[in-house]
1. GNM, the chain, Cα, under 10 Å: largest mean-square fluctuation among 174, 58, 12?
2. Residue 129 versus residue 176, label points 7 Å from Cα toward the beta carbon: distance in nm?
3. So if R0 is 25 Å, what FRET efficiency would residue 56 and residue 6 give, r being the distance between their Cβ atoms, rounded to the nearest 0.05?
4. Residue separation times 0.36 nm, minus the C-alpha to C-alpha distance between residue 142 and residue 98: what's the value?
5. Full-extension gain between residue 194 and residue 155, please, as 0.36 nm times their residue separation minus the C-alpha to C-alpha distance.
6. When the chain is modelled as a GNM with alpha-carbon springs shorter than 10 Å, which of 185, 21, 118 fluctuates the most?
7. Which value at 222 nm does the chain reach when only helices count, each DSSP H run of 4 or more adding -39,500 (n - 2.57), with the total divided by all residues and rounded to the nearest 500 deg cm²/dmol?
8. Test of understanding: in a Gaussian network model of the chain with alpha carbons linked when under 10 Å, which of 186, 209, 113 would top the mean-square fluctuation ranking?
């Protein structure tokens, strides 16, 4: 009997390495056989890098990071260019100048209801693209409702995401679980509750992890692979 491969991923929407890491994992999974793909179950877990952010801000993402990190603007622009180049290699067109800074909590509530409806993957991809490529204010319920419609949620399902306290509680539960596990940065991938990968690892790393799991389902040793992450208190 085939065994499901569980992949739990803690990440925030306002996290470029989370977007790159997702694309790299997607690429690794695309190399698997159809039978193996069908054995993989991905669950996106909520995590907020900066829960203190207001719903909207007049600051650009570069100005915000400069204030949070104490790094001069010109240095941050160089760092952003490096991330943009990583993104291009993964098929992402980062547009840092158009990012609308804001709290991601509402977006996580939409992600939670989407997960319940079997659309977690679609929701995560659309939210990341909206924030990093389309300049969409993902803190806005109006904007999020439009994105929800794109991924196939009904009006009632979308309203439920923002009015039902259950989904707010689910966001907090994911964040608390991350704290319990000692997760200090995202993205953070946990395979079969045993094998952890931290950061936007190269595609080859995810291929190796998946290959190891499929070959040694019952003989997987606990370990963590470290990589580049975004840390709490900042949007990278």
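1. It is 58.
2. Simple spin-label model gives 3.5 nm for this pair.
3. 0.10
4. Taking 0.36 nm per residue and subtracting the Cα distance, the gain is 14.0 nm.
5. Details: separation 39, 0.36 × 39 = 14.04 nm, distance 3.81 nm.
Net length gain for the segment: 10.2 nm.
6. Judging by the Gaussian network model, the answer is 118.
7. Numbers: 10 runs with 119 residues, N = 236.
After summing the helix terms and dividing by residue count, I get -15500 deg cm²/dmol.
8. Most flexible of the set in this elastic network: 209.
Taken together, the values in this text are just the output of simple stated rules run on the coordinates, not laboratory data. Keep in mind it's a predicted model, so treat the numbers as computed, not measured. Please note: Cβ atoms are built from the backbone with ideal geometry, for glycine as well, and neighbour counts cover all protein chains shown.
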